[in-house]
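Okay, so here's the structure we're looking at.
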Amino acid sequence: MSSRTRRSIRTHLAHRALSGIGAAALAFFIVGIVWFVVAEYVAPSAWPHAVDPSGFGRSTAAVQTAVQASDPLARFLSSGHWVFGLAAASWLAINGAVFAALAFVSALLIRRRVIALMMPVALYLGQSVVAQIAGQSQYSFLVTAVYPTGLQHLSIVAASAATVVLAIGAVAVATVLIARSPTNQRFA
């Protein structure tokens, strides 16, 4: 008895890509929300002295003004803490989705699974090393993937540049691979 699917390979690969990328985005979004809850509620109640702005020699209002002026996502704080938390979790989810797209493309291009799954990490590390050596750390994936400013004060455009380039590349390669999949011997 044959259990061959009646779905085309293009449809199958597109479905697998979208479901994997969506699952990764959701997982990273949940992680971002958990981090926000810990930072917003757990840490201040457990260690109140660690989040006291007077330790920096400034008032609470002065610290909030300085942060909101220099941090692209902190501008969401004026709409409420949960809006900021959702924005930060969304940033993390977008970067997780792009990383998953890169893993999908690597799995299609490279036959050896271990090497294919190592490629996204190698690309992230390699690109970040090149950006750091070139003195352009704002374009480093490692600096901006978790939070758009890292420890630096970057604009949202500079912080998202590396992710946007990676996303465009991953989507372009995935589109070509899926379009050519019916003639690819690996999927026959």
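Tell me which of these Pro72 doesn't satisfy, since it passes every other one: (1) within 30 Å of Ser19 (Cβ to Cβ); (2) surrounded by 15 or more Cβ atoms within 10 Å (Cβ to Cβ).
Of everything listed in (1) within 30 Å of Ser19 (Cβ to Cβ); (2) surrounded by 15 or more Cβ atoms within 10 Å (Cβ to Cβ), Pro72 misses just condition (1).
Taking Arg111 and the conditions (1) within 19 Å of the chain's Cα centre (by Cα); (2) part of a loop (DSSP other than H, G, I, E, B), which numbered condition does it fall short on, given that it satisfies the others?
The single condition Arg111 does not satisfy is (1).
Are there any pairs, at least 6 apart or on different chains, whose C-beta atoms fall under 7 Å, with the first in the range 34-60 and touching a residue at least 12 places away in the same chain (Cβ under 8 Å) and the second in a helix (DSSP H, G or I), and if so, which?
The qualifying pairs are Phe36/Gly85; Phe36/Ala88; Phe36/Ala89; Glu40/His81; Glu40/Gly85.
Can you confirm whether Val114 is under 30 Å from Thr183 (Cα atoms) and surrounded by fewer than 17 Cβ atoms within 10 Å (Cβ to Cβ)?
yes
Going through Ala66, Ala116, Ala101 one at a time, which residue ends up being more than 30 Å from Thr175 (Cβ to Cβ) and out of contact with any strand residue (DSSP E or B) (no Cβ under 7 Å at 6 or more places or on another chain)?
It is Ala66.
Among the residues of the range 135-188, count how many are under 28 Å from Leu18 (Cβ atoms), outside any helix (DSSP H, G or I) and modelled with pLDDT under 80.
Count: 5.
Do the conditions hold for Arg58, that is, is it out of contact with any strand residue (DSSP E or B) (no Cβ under 8 Å at 6 or more places or on another chain), open to solvent by 80 Å² or more (accessible area, probe 1.4 Å), not aromatic (Phe, Trp, Tyr) and not in a helix (DSSP H, G or I)?
Taking the combined requirement at face value, the residue satisfies it.
Assuming Pro48 fulfils every condition listed in (1) closer than 30 Å to Thr183 by Cα; (2) surrounded by fewer than 19 Cβ atoms within 10 Å (Cβ to Cβ); (3) not polar (S, T, N, Q) apart from one, which condition is it?
Of the numbered conditions (1) closer than 30 Å to Thr183 by Cα; (2) surrounded by fewer than 19 Cβ atoms within 10 Å (Cβ to Cβ); (3) not polar (S, T, N, Q), the odd one out for Pro48 is (1).
Go through the range 152-175 and count every residue that is free of Cβ contacts under 8 Å to residues at least 40 places away in the same chain, farther than 17 Å from Leu142 by Cβ and open to solvent by 70 Å² or more (accessible area, probe 1.4 Å).
Going through the range 152-175 one residue at a time, the tally reaches 3.
Go through Gly126, Gly96, Gly135 for me and flag whichever is under 23 Å from the mean Cα position of the chain (by Cα) and crowded, with 19+ Cβ neighbours inside 10 Å.
Result: Gly96 is the single residue among Gly126, Gly96, Gly135 that is under 23 Å from the mean Cα position of the chain (by Cα) and crowded, with 19+ Cβ neighbours inside 10 Å.
What do you reckon, is Ala145 small (Gly, Ala, Ser) and exposed (fewer than 13 other Cβ atoms within 10 Å of the Cβ)?
Against the criterion (small (Gly, Ala, Ser) and exposed (fewer than 13 other Cβ atoms within 10 Å of the Cβ)), Ala145 does not qualify.
The values are calculated or read from the model by the stated rules, or taken from the named source; none is laboratory data. Everything numeric in this text was worked out from a predicted model, so none of it was measured. Positions of Cβ are generated from backbone atoms using ideal geometry, with glycine treated the same way; all protein chains shown enter the neighbour counts. We work out accessible area using only protein heavy atoms, side chains counted, and drop any ligands, DNA or RNA first. Shrake-Rupley method; radii C 1.70, N 1.55, O 1.52, S 1.80 Å.
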